[in-house]
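Q: Encoded as structure tokens, here's the structure I'll be asking about.
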Amino acid sequence: MNWPMVAFVVLGGITVYSGWRVATAPLVTHAALFLAVTFAGVGGLFFLLQADFLAAVQLLLYAGAVMTVVIFAIMLSEMKDIEEPRPRGWLGALRSPSLGALPFIGAVLLFAVMLVVYLRGAPALPVTPLPAPTNSTVFIAGALFKIYALPFEVASVLLLAAMIGAIILTRVEGGRRR
Amino acid sequence: MLNTPPCVGSCSEFPRLPRAGRRGADASTVCAPAAAPLGAEKAVTCLLSLGWLVPLLALLGYVGHVFLGQRAKQWSALFGIVALALGFALSVGMLAQTIGGASIDVSVPWLSMGGINVPMGFSIGPLQAVMLTMVTFVSCFIEIYSMGYMKGDIRYNRFFANVTLFVAGMLTAVVANNFILFFAAWEIMGLCSYLLIGHWFEDPANGRAATKAFLVTRIGDVGLLLGIWWCFTLTHTFQFAALPGDLAALHLPAATLNAIALLIFLGAVGKSAQVPLQIWLPDAMAGPTPISALIHAATMVAAGVYLVARTYPIFQMAPSALFWVGLVGAVSAFIPATIACVQTDIKKVLAYSTISQLGYMMLGLGVGAMEAGIFHLLTHAFFKALLFLAAGSVIHAAGTQNMHEMGGLWKKQRWTAATFIIGSLALAAIPPMSGFFSKDAILAAAYVSPDPVFYWLGTVAAGLTAYYMTRVVLMTFFGSPRSEHVYEHAHESPAVMVVPLVVLAVPAAALGLAAGFLRHLLAPGYIKPDVGLIEFVPLLFAIAGFLWAYALYTAPLARRAALLRSPLIAAPYTLFKQLWFFDHAGSVVTYVLGLGPSFVIGAFDRYVVDGLVNACGSLCLWLGRMCRRLSVGNAQAYMLTIAVAVVIGLVALQFQAMGG
Amino acid sequence: MIAVQGVPLVDFLLLGALLFCVGLFAALRRSNAIMILMGIEVMLNAVNINLVAFSRYLPRGGDRGQAFAVFVLAVAAAEAAVGLAMVIIVSRRRGTIEIEEISDMRG
């Protein structure tokens, strides 16, 4: 039995399904929970790829931090209708309130094109992975602090700017709490 | 870089040498150990290599004013005063070294493009050292005086900041060893004169006077710029030191040299307010009185004369240009002197006398007596600063500038009156005051020149000078008070204003003693022409002028009024009173030369240039109207568009890959 | 030990593509600003799958793929922080985060 393939199919299936539910779940909170599952699934795929460090970061950052922020945003944004009107029928879920069937058609078209591109290129792509690095943290740190030291610093500045921006944006004017 | 100039080899100082040895030390910017063959010089730390520090100190003073001035309240004046005092100390040191025969010319590379190399640098020789000493001394005391005069002014700090920058500009112009730096400093002075003449801009008339000063001097600046550019295209250098030699090496026709010299001279005419560009200077009286003193004595107008002196070798190659310098000088000495005789505003009289005295300096330069012109520039700087400051003291006390409201102030302002009279005697060239020696040197040189008309114009102007200064002194300080209110109001000025007057009175009176010394310093080979008793003719004219003014202005008013009724007096009186119609002529020239072309250019601009611009604008507007339909405002629609674009792009790439 | 012997690279790429399109669909279909941001997060994750897969399979990928994945993560975190802050302030100002109603910037 090809266990890695089984693990890949299972993890990929969970990830894509929960991603689909993010798009279609009527309740916003449900969608958020499915997002967490998607993140976790991607983290699992990283483990499968022996990228331990990234997998850990994925779980901590996405499934942990970003999800927390999303849930806070949902709670703070005082949504009046937290639940969308239930779609009629199976196909109803595919329709967007504003753009109708266009989003679905667009996404399917894009996937179809990518499918063609990948399948055409598939023979040239490797089938077996390279030997895994013994320590993926050291492996990634070498890249970050040697080759990509400058982009790394720029990213830190970006995060700082994002943090300050978020604080300034959400600050209550006049320093007065509601 | 600049603080460690290559001192060794380019600068030397040595003990006093016999005159034969020092004669080799040319007063030009060529910097070489003059008496090197004698082996007498010793390499010491060269103070001259700090020459750049003098303008920089003033500039630092300006920076201090700008950043700390508001906080320092009335003490902010000290920034400029201390900076200038330090600059003065340094200048005196350098003067002492140049007496020893040292000079320096330092350049650092500044702009290097292709084959063009423009170095920046400074040079200090006897001329520069003398100028620096005078400028820092006079302007330092003008600033001290201003502490009293400008007390309580709403823009007190700005005033001092601008004054200090003004002086910094002048000092930079003095030490500059190339035309580029010189011109920059020249323009800084233009800017500062504009700012300071318009210091009290609440009155629109003051603003107009500032604009007029700026624009009229601009005419000269255009000429100067053309001259600089012409020199550069011919010789590829801006260096004062190299220019004359390079020009001479080209063996240019005399007409070209004359044209170059006259273009440079046009700049000097504008800055030094010579006929016919003198019209801005009397209007510049709109500024506070210390500014008048500064502009008239130490900085602005002196810069024009200095420019001619600095580029004197070029003028010497162009004799007919030199003739024009002398002619403009002589006319400028005479005409404003006549106008000064009929002015009633005490500052206006002094303003016209400044033009007249600058005319003398130009006259001196024009007849080949460069050192005499510069000497007169120095003595004039001291006594004219003194006169203006004393006049400012009178105005401060009397609250008016109109001499018809003054009179009898001698009793109230002893110090001011005494110093004003000293200044007047110096201006009227009465021995033993300094003005006598400098004016005498110029007129002696004019007498031996081939154009005796210069001499006679200058001599008559000397008589007029004595006349109008006597008139001012009599109307202001003597006789009975004409206005009770003014007289009651009058009082002696505070010590901070009186002390500079007294200090400035000393060189105004005694600088004549240095005449021989300065002559040897500035022009070692020059010997003042011996003209015998002719030397005393200007003095006779001055005494005549004095007596006439004394007779007229101690006589009852009715007699003067009667004189005016006779046509022989009335005609010139009207001419003088109307300023020889220079302002009217200026207006006509402006209208004819200015408005005609302006109209054509304006039409071209409005219909052709603007038409094109508007067409572009309309096109963009139309395109924008079309394109805004695409902006539907829905973020998801945009996202969808991007997705579709990616799909199209991928398909296109795929087809390309297949094709390739 | 978990390993991926037997799974070809193209499978990972296809999974990434599928997840990307699902994320895109979510971002396009949802009318709620928070949900749109969620869709975008899914898209970014899909990209990361590709990057990590490249780093494991391609000899020239090496550590670069994972390093880029870290940068994508950083950008995603920044985007989430600022985007959600904007959503919150929009909801505070307008009382809604329906994307159709936030369309003032139309031409």
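Q: Considering every residue within the stretch A:41-57, establish whether at least one is closer than 27 Å to C:Pro8 by Cα, crowded, with 17+ Cβ neighbours inside 10 Å, more than 7 Å from every other protein chain (Cβ to nearest Cβ) and polar (S, T, N, Q).
A: We begin by selecting, within the stretch A:41-57, every residue closer than 27 Å to C:Pro8 by Cα; these are A:41-57.
Adding the requirement that they be crowded, with 17+ Cβ neighbours inside 10 Å leaves A:41-55, A:57.
Filter again for more than 7 Å from every other protein chain (Cβ to nearest Cβ), leaving A:41, A:43-44, A:52-53, A:55.
Checking the rest, the ones that are also polar (S, T, N, Q) come to none.
Checking the stretch A:41-57: not a single residue is closer than 27 Å to C:Pro8 by Cα, crowded, with 17+ Cβ neighbours inside 10 Å, more than 7 Å from every other protein chain (Cβ to nearest Cβ) and polar (S, T, N, Q).
Q: For the stretch A:58-83, which positions are facing chain C (nearest Cβ under 8 Å) and either among the hydroxyl-bearing types (Ser, Thr, Tyr) or surrounded by 21 or more Cβ atoms within 10 Å (Cβ to Cβ) (or both)? Working first, answer last.
A: Step one: filter the stretch A:58-83 for residues facing chain C (nearest Cβ under 8 Å), giving A:58, A:61-62, A:65-66, A:69-70, A:72-74, A:76-80.
Passing the criteria: A:Gln58, A:Tyr62, A:Val66, A:Val70, A:Ala73, A:Ile74, A:Ser77.
Q: I'd like to know if the stretch A:87-96 contains one or more residues that are more than 8 Å from every other protein chain (Cβ to nearest Cβ), out of contact with any strand residue (DSSP E or B) (no Cβ under 8 Å at 6 or more places or on another chain) and either at pLDDT 85 or above or farther than 27 Å from C:Ala17 by Cβ (or both).
A: yes
Q: Test C:Ser91 against the criterion of being assigned to a helix (DSSP H, G or I), touching a Lys or Arg at 6+ places or on another chain (Cβ under 9 Å) and either among the hydroxyl-bearing types (Ser, Thr, Tyr) or surrounded by fewer than 21 Cβ atoms within 10 Å (Cβ to Cβ) (or both), and give yes or no.
A: Here the answer is no, as C:Ser91 does not meet what is asked.
Yes/no matrix, rows are residues, columns are (1) loosely packed, with under 13 Cβ neighbours inside 10 Å; (2) in contact with a strand residue (DSSP E or B) (Cβ under 8 Å, 6 or more places away or on another chain); (3) more than 7 Å from every other protein chain (Cβ to nearest Cβ); (4) at pLDDT 85 or above:
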| site | (1), (2), (3), (4) |
| --- | --- |
| A:Met114 | no, no, no, yes |
| A:Pro131 | yes, no, yes, no |
| A:Phe139 | no, no, no, no |
| A:Leu150 | yes, no, yes, yes |
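Q: Checking the structure you have, find out if any residue of the stretch C:46-53 is facing another protein chain (nearest Cβ under 7 Å), out of contact with any Cys (no Cβ under 6 Å at 6 or more places or on another chain) and surrounded by fewer than 21 Cβ atoms within 10 Å (Cβ to Cβ).
A: Scanning the stretch C:46-53 turns up no residue that is facing another protein chain (nearest Cβ under 7 Å), out of contact with any Cys (no Cβ under 6 Å at 6 or more places or on another chain) and surrounded by fewer than 21 Cβ atoms within 10 Å (Cβ to Cβ).
Q: Among helices (runs of 4 or more DSSP H) lying entirely in the stretch B:163-267, which contain 2 or more residues that are surrounded by fewer than 24 Cβ atoms within 10 Å (Cβ to Cβ) and either β-branched (Val, Ile, Thr) or touching a strand residue (DSSP E or B) at 6+ places or on another chain (Cβ under 7 Å) (or both)?
A: In the stretch B:163-267, the matching helices (runs of 4 or more DSSP H) lie at B:179-197, B:204-235.
Q: Looking only at residues that are surrounded by fewer than 13 Cβ atoms within 10 Å (Cβ to Cβ) and assigned to a helix (DSSP H, G or I) in the stretch A:162-177, which one is farthest from the other protein chains (Cβ to nearest Cβ)?
A: Per the stated criteria, the residue is A:Gly175.
Q: Next question, about the same structure. Anything in the stretch A:1-40 that is facing another protein chain (nearest Cβ under 7 Å), free of Cβ contacts under 8 Å to residues at least 24 places away in the same chain and open to solvent by less than 20 Å² (accessible area, probe 1.4 Å)? List them, or say none.
A: Across the stretch A:1-40, the qualifying residues are A:Gly19, A:Val22, A:Ala23, A:Ala31, A:Thr38.
Q: Something else about it: Taking C:Pro59 as meeting all but one of (1) open to solvent by 10 Å² or more (accessible area, probe 1.4 Å); (2) part of a helix (DSSP H, G or I); (3) at the interface with chain A (Cβ under 7 Å from one of its Cβ atoms), write down the number of the exception.
A: (2)
Q: Might you check whether a residue that is within 9 Å of the chain's Cα centre (by Cα), more than 7 Å from chain A (Cβ to nearest Cβ) and of a type outside the set (Phe, Trp, Tyr) occurs anywhere in the stretch C:13-22?
A: No, the conditions are met nowhere in the stretch C:13-22.
Q: Just the residues that are in contact with a helix residue (DSSP H, G or I) (Cβ under 6 Å, 6 or more places away or on another chain), polar (S, T, N, Q) and either open to solvent by less than 10 Å² (accessible area, probe 1.4 Å) or not in a loop (DSSP other than H, G, I, E, B) (or both), please, taken from the stretch B:377-412.
A: Selection gives B:Thr379, B:Ser393.
Q: Here is a list of conditions, (1) within 14 Å of chain B (Cβ to nearest Cβ); (2) surrounded by 24 or more Cβ atoms within 10 Å (Cβ to Cβ); (3) at pLDDT below 90, and C:Gly39 meets all of them except one; can you say which number that is?
A: If we test C:Gly39 against (1) within 14 Å of chain B (Cβ to nearest Cβ); (2) surrounded by 24 or more Cβ atoms within 10 Å (Cβ to Cβ); (3) at pLDDT below 90, just (3) comes out false.
Q: Moving on. Show the residue pairs meeting these rules: Cβ distance below 6 Å; 6+ apart or different chains; first residue within the stretch B:197-209 and in contact (Cβ under 8 Å) with a residue 24 or more places away in the chain; second residue in a loop (DSSP other than H, G, I, E, B).
A: B:Ile197/B:Gly287; B:His199/B:Gly287; B:His199/B:Pro288; B:Asn206/B:Gly198; B:Asn206/B:Trp200
Q: Here is a follow-up. Could you pull out every one of the helices (runs of 4 or more DSSP H) wholly within the stretch B:450-518 that has 3 or more residues that are at pLDDT 85 or above?
A: On the way: elements: B:452-477, B:484-489, B:495-510.
Once the helices (runs of 4 or more DSSP H) in the stretch B:450-518 are filtered for at least 3 residues that are at pLDDT 85 or above, what remains is B:452-477, B:495-510.
Q: Which one of the conditions (1) closer than 29 Å to A:Ile74 by Cβ; (2) part of a loop (DSSP other than H, G, I, E, B) does C:Val72 fail to meet, given that it meets all the rest?
A: Tallying (1) closer than 29 Å to A:Ile74 by Cβ; (2) part of a loop (DSSP other than H, G, I, E, B), C:Val72 fails exactly one: (2).
Q: Helices (runs of 4 or more DSSP H) wholly in the stretch B:552-660 with at least 3 residues that are under 30 Å from B:Leu474 (Cα atoms) and among the hydrophobic types (A, V, I, L, M, F, W, C) - which ones?
A: The helices (runs of 4 or more DSSP H) meeting that bar are B:557-565, B:567-577.
Q: Answer yes or no: is there a residue in the stretch B:632-640 that is without any contact (Cβ under 8 Å) to a residue 60 or more places away in the chain, under 21 Å from A:Tyr118 (Cα atoms) and open to solvent by 40 Å² or more (accessible area, probe 1.4 Å).
A: Within the stretch B:632-640, none of the residues are without any contact (Cβ under 8 Å) to a residue 60 or more places away in the chain, under 21 Å from A:Tyr118 (Cα atoms) and open to solvent by 40 Å² or more (accessible area, probe 1.4 Å).
Q: Then there is this: Quick check on the stretch B:104-136: of everything there that is of a type in the set (Ser, Thr, Tyr) and open to solvent by 10 Å² or more (accessible area, probe 1.4 Å), which residue is nearest to B:Leu377 (Cα to Cα)?
A: B:Thr133
The values are calculated or read from the model by the stated rules, or taken from the named source; none is laboratory data. Note that the structure is a prediction, hence the values are computed from the model and not measured. Neighbour counts run over all protein chains shown; Cβ positions are idealised from the backbone, glycine included. The area values use the complete protein model at the heavy-atom level, side chains included, leaving out ligands, DNA and RNA. Shrake-Rupley method; radii C 1.70, N 1.55, O 1.52, S 1.80 Å.
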